[in-house]
Amino acid sequence: MSQSKRYIQTTLFGGKIDSTPKRAKILDPKVESHKRNGSDPSDWLQDLENAARKNGGNATPSGIEPACQDEEKSSVAEKHVEQLLMADDLVGDDLVGDGAHQFGHVSILDEHFNPALETCDDWQAFTGSDNKKHYIDDQYLFSRLADAWYAIESLKNSGSGSKKKSWMILGNCFRSILYHCPSQLLYALYLSMQKLGPTYFGIETGIGENTLLKITCELYSRSINQVKELLKKSGDLGTIAYESKIGMTTLYKPPRLTLEYVFKQMLEIANHQGQNSQLRRREGLKRLLVPAIDQEPKYIIRFFQKQLRIGVKTPTIIQALTHAFLLSKPLHQNRQGSFVENEDFNTAVQDLTHTGVTPLVLSYISSHLKFKCYSTKHRSLFDHQECDDTKDATGNNKVRDGDKILDGEDRKTEDCKTEDCRTEDCKTEDCKTEDRKTEDCKTEDCKTEDCKTEDCKTEEPENRFPVEGKTEQEKWEICIRECYSRLPNLGVVVFYLMHGLTREQLHERCQLSPGIPVAPMLAKPTKSYTTVLNNMEGLEFRAEFKYDGERLQIHKDDHNNVSLFSRNMERLDQKYPDVRDRVINNLKCNDCILDSEVVAINPATGKIEPFQVLSTRKRKDVDAESIDVQVCLFVFDCLRCNGKSLVDLELYKRLEQLEKCFNPVSNEMEFARGQNCSDQSELEVLMDEAIQKQTEGLMIKVLKGSKARYEPSKRTVNWLKLKKDYLDSLGDSLDLVVIGAFYGKGKRSGAYGSFLMAIYDNEEYYSITKVATGFSEQDLQNIYQDLQTHVCDQKPYYYNTRIQPDVWFSPQQVWEIRAADLSLSPVHTAAINKMNTDNKGIALRFPRFIRVREDKQTEQATKPSQVVEMYYAQFNNNQEILEDDTEDFLI
DNA sequence: CTTGCCTGCCC
DNA sequence: ATTCTGC
DNA sequence: GCAGAATGGGCAGGCAAG
């Protein structure tokens, strides 16, 4: 029996105890695929299910009375929760094997999966190791996760119920990990999300499609052209790696990959910097791919492509995580300070709270659950308050608050960095108590106290945890999703879950806090005024300008620390030091979190500049004194103020608070222009103004009632965006000629994934955009067929473009393409000699396919003169001609 | 020291 | 970003 | 209606190659 934590069943399904318990047969995909070695890999799923059935899965031998099975269907999860309690050493194999009876299945694919029935042998015996290094306790085979992914991938498009099955399987995999090696759970979660830590830590692997292509060639001894040829067919480099590996015989058997090894190796790859870093990254990648077998190489490659292609993204992970903790709930564990008993946890947290330990620091404690794995550069991964940009002695790595916190006597606990962390348990006790005492509090008081008495609490709490008609799973899903949106650090959320918090407790502890980004609320695209009014029927609403800039979430704490985050929760502090100063100067509140849009502005005229100007701003080491692109901030929401979370308040109340928050300064920091509306004519008037002011259109938001809350990370009809280019009368529509195409990937494999489009100019064709969206699947099929006859061997001499598509076509078809804007392009050549623009052509922003123009000849396609006209029209409005500005912009 | 490729992140 | 699609 | 997966233009930054 391993020393890892054990759960046992204390109560049972009401079924009789099976007098003849037996161990479930070892059922693992690895066993099967190893045996068959090279046969169709998709078979094992079926094999597994058959085997499970044969072994008493659905029949009675496992101890389930048939009478219970109806109940099972309705609320299996709830039953399990009560059944699976955690125990320490009191019980061992004998109780699981004999004393208690066996419940459920050993197959992760089964609804009744029970990790307690798995033995270590299940995933260790078949490792075929000549090197036991990776198989010691608390290591979990990566292949088990990869196999779960594969099972899910195989389910895709298999019909109704496959979604539920997806998160069930993944959740069961998490349960297995949680049960046998809880310290490894976070690795599995992050790997499933194709991330190596919370977004705001800014970890990049630095490996992309091209590097992967080269690696594939090197590793599997193929030429680039060979691989590219294969890519045409399969459309997936991962599959190519998988197939290549199948055909390879290795001289020796390297150690098997474990979750921890894979994760650490990936993090190490991410950490390489400076000279030869690309080489070292590639070497690191090989260290992952060489030992990878079966499904592993495929998913390793897809990880770096940030595309697992199994139909699982964060929302599904949350579902799976919920499933895992609902069915395998840790309640009690005294050893090594890992888990604290439920009641104790509250006092423990109280205790910690008084000594100033914030959830951020609690996340450090979670590192004592051996969620520590990060090497030097990202050592402070679990510290949310890292925001210090000072360089350390080497000038390379940033010293973050987290490092400072640990710089005292506690340093030793974190020093294991790249070393093996497994043997560090003994220190956990000491460190924990040390931590408590040495921390000092910053923002904790407000968090625990204020929010209890706030209106947000009294306002429809049942709305947040709707009881009616929801299963336990659904209630928890909602809660955990919401918590994760407000505190987007899985380490912390999982830490809380490990302590068995109730939903209310969890929610209370996952409140917004300055310095930690909140997933921003998003808006749904709307195509007409009518749709807007329909959606807003019976509701009070407000319309605001939709500025064409960069979303910016502004945090200020009571020590005047300012942090800035992008729409995707990346740090932007370095990019906007000027904003930082403005925030400190203009804010009237103690602390706050604001939602806003930064827009490039001409400070002299106060005129808003196009997005393309903003995007030229430097991103790193920006000196506030010498900024080339000036910006204005348009603030439109307030998520937290003076210690109080406002997200549950109605929009109009948040706006009231926002007004009290800061002094607007013209051309520096203003309120987003907007007003309450009630009918189409008001919207139209505002839209005209919005267009005149060079913004994208309008945002329409519910002002009052339960739909007026700020719902982090959600895209609902409570916020609508009405962009001018969505409206038929306003967008730019062009008739373009298809001159080339690129092979599709993933679900577009076997057809073209995108097309190169051109305008016609006096016997020549100039590329203006690629287009890849707007096609139905049928369209793509038809187009693929239609264009086969037009494929050229070579690039026609009368094509003028800097882009090299996979295939060229002779000019035949004309398509209608819609776009939001036109921009100056370094790669497209449309109208290049009609403009004085430093060898730049014109391109389309947000191009989409509308329809085939059967009625048009290629010579009737849009002409350069028209494109030029459209381009300049963007900078003009009905009031004035802005020649000067335009010239400035072009130069 | 310049140029070009690659990546990640804005939209 | 936009768009389409399965559930 | 949600979640996922196709794909767009274009910029700075970082490194490698010349």
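The values are calculated or read from the model by the stated rules, or taken from the named source; none is laboratory data. For clarity, every value in this text was computed on a predicted model and none was experimentally measured. Glycine also receives a Cβ, built like all others from the backbone with ideal geometry; neighbour counts cover every protein chain displayed. Protein only, heavy atoms only, side chains kept; ligands, DNA and RNA dropped before computing areas. Shrake-Rupley method; radii C 1.70, N 1.55, O 1.52, S 1.80 Å.
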Quick check: is even one residue across segment A:676-690 assigned to a loop (DSSP other than H, G, I, E, B), surrounded by fewer than 21 Cβ atoms within 10 Å (Cβ to Cβ) and of a type in the set (S, T, N, Q)?
yes
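Yes/no matrix, rows are residues, columns are (1) free of Cβ contacts under 8 Å to residues at least 12 places away in the same chain; (2) open to solvent by less than 20 Å² (accessible area, probe 1.4 Å); (3) not basic (Lys, Arg):
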{"residue": "A:Arg503", "(1), (2), (3)": "no, no, no"}
{"residue": "A:Ala519", "(1), (2), (3)": "no, yes, yes"}
{"residue": "A:Ser528", "(1), (2), (3)": "no, no, yes"}
{"residue": "A:Arg580", "(1), (2), (3)": "no, no, no"}
Any chance A:Asn568 is surrounded by fewer than 23 Cβ atoms within 10 Å (Cβ to Cβ), more than 16 Å from DNA strand C (Cβ to nearest atom) and assigned by the TED database to the domain that holds A:Val599
no
Of the residues in segment A:604-622, those that are open to solvent by less than 80 Å² (accessible area, probe 1.4 Å), free of Cβ contacts under 8 Å to residues at least 60 places away in the same chain and charged (D, E, K, R) come to A:Arg617
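Here's the yes/no breakdown for (1) more than 22 Å from the chain's Cα centre (by Cα); (2) outside the structural domain of A:Lys575 (by the TED database); (3) away from DNA strand D (no atom under 15 Å from the Cβ); (4) small (Gly, Ala, Ser):
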residue	(1), (2), (3), (4)
A:Leu186	no, yes, yes, no
A:Ser223	yes, yes, yes, yes
A:Gly235	yes, yes, no, yes
A:Thr239	yes, yes, no, no
Reported set for segment A:585-633 where residues are over 31 Å from the mean Cα position of the chain (by Cα) and outside any loop (DSSP other than H, G, I, E, B) is A:Asn585, A:Asn586, A:Leu587, A:Ile601, A:Asn602, A:Lys607, A:Ile608
Filter segment A:269-317 down to the residues that are in a helix (DSSP H, G or I), within 16 Å of DNA strand B (Cβ to nearest atom), free of Cβ contacts under 8 Å to residues at least 24 places away in the same chain and open to solvent by 60 Å² or more (accessible area, probe 1.4 Å) and list them by number.
A:Leu279, A:Arg280, A:Glu283
Filtering segment A:764-794 for residues that are loosely packed, with under 15 Cβ neighbours inside 10 Å and in a loop (DSSP other than H, G, I, E, B) leaves a count of 5
Within segment A:697-714, is there a residue that is surrounded by fewer than 21 Cβ atoms within 10 Å (Cβ to Cβ), at pLDDT 95 or above, within 14 Å of DNA strand C (Cβ to nearest atom) and among the charged types (D, E, K, R)?
yes
Of all the residues that make up segment A:795-811, how many are closer than 13 Å to A:Tyr743 by Cα and part of a loop (DSSP other than H, G, I, E, B)?
3
Failed item, numbered, when A:Tyr743 is tested on (1) of a type in the set (Ser, Thr, Tyr); (2) closer than 19 Å to A:Lys524 by Cβ; (3) surrounded by 19 or more Cβ atoms within 10 Å (Cβ to Cβ)
(2)
Looking at A:Lys245, A:Lys253, A:Lys228, A:Lys264, which is the one that is among the basic types (Lys, Arg), under 24 Å from the mean Cα position of the chain (by Cα) and open to solvent by 10 Å² or more (accessible area, probe 1.4 Å)?
A:Lys264
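Criterion first (over 30 Å from A:Ser563 (Cβ atoms), in contact with a helix residue (DSSP H, G or I) (Cβ under 8 Å, 6 or more places away or on another chain) and aliphatic (A, V, I, L, M)) does A:Leu219 satisfy it? So that I can check it myself, show each step before the final result.
On the way: over 30 Å from A:Ser563 (Cβ atoms): yes; in contact with a helix residue (DSSP H, G or I) (Cβ under 8 Å, 6 or more places away or on another chain): yes; aliphatic (A, V, I, L, M): yes.
Against the criterion (over 30 Å from A:Ser563 (Cβ atoms), in contact with a helix residue (DSSP H, G or I) (Cβ under 8 Å, 6 or more places away or on another chain) and aliphatic (A, V, I, L, M)), A:Leu219 qualifies.
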Specify which of the listed residues (A:Val867, A:Val827) is in a loop (DSSP other than H, G, I, E, B) and hydrophobic (A, V, I, L, M, F, W, C).
A:Val827
Please state which one of A:Gln307, A:Gln275 is within 16 Å of DNA strand C (Cβ to nearest atom), on the phi < 0 side of the Ramachandran plot and not aliphatic (A, V, I, L, M).
A:Gln307
